[in-house]
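Colleague: This structure is in structure tokens; I'll ask about it shortly.
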Amino acid sequence: MKRIANAFWSEDEGNVTTDWLVLMAGVVSLGFAVAATVATGTQTVTAEATDEATTIEVSGEV
């Protein structure tokens with residue numbers, strides 16, 4: 001049993017996969033955070049632009 005445990009702890013073939021998994025999870029999470037922030041800011045700017053555009057008077061004279 002001790003030999004099997006030592007073989008398990010000394011094996012490092014799956015470490016690279018685990019590192020990439022954690023790294024990619026962080027990148028995806030950061031992407032979601034950025035997207036949420038941009039989406040919120042975009043809605044605010046759109047609402048302000050709409051309010052500003054509706055207050056502009058356009059003359060019908062040619």
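All of the numbers you see were taken from the coordinates with simple rules; none came from a lab. Given the structure is predicted, the values throughout are model-derived calculations rather than measurements. Reconstructed Cβ throughout: ideal geometry from the backbone, glycine too, with neighbour counts over all protein chains shown.
Colleague: In 5 Å bins starting at zero, report the fraction of Cα pairs in the chain per bin as a rounded %.
Modeller: Per 5 Å bin, starting at zero, the Cα-Cα P(r) for the chain comes out as 3, 13, 9, 9, 9, 8, 8, 7, 6, 6, 5, 4, 4, 3, 2, 2, 1, 1, 1 percent.
Colleague: Counting each DSSP H run of 4 or more residues in the chain as -39500 (n - 2.57), what helix-only mean residue ellipticity at 222 nm follows after dividing by all residues, to the nearest 500 deg cm²/dmol? Intermediate results must be reported in sequence, preceding the final value.
Modeller: On the way: 2 runs with 49 residues, N = 62.
Result for the chain, helices only: -28000 deg cm²/dmol.
Colleague: Right, something else. Only Lys, Arg, Asp and Glu count, each charged at its Cβ (+1, +1, -1, -1), so figure out the dipole size of segment 1-61 about its Cα centre, rounded to 20 debye.
Modeller: My answer is approximately 760 debye.
Colleague: Karplus couplings for segment 31-43 from phi (6.51 cos²θ - 1.76 cosθ + 1.60, θ = phi - 60°), rounded to Hz, Gly and Pro as x?
Modeller: Whole-Hz 3J(HN,Hα) from phi for segment 31-43: x, 5, 5, 5, 4, 5, 5, 5, 4, 5, x, 5, 4.
Colleague: Between Gly41, Ile4, Leu30, whose Cα lies farthest towards the positive end of the dipole of the chain when Lys and Arg beta carbons carry +1 and Asp and Glu beta carbons carry -1, centred on the Cα centre?
Modeller: Ile4
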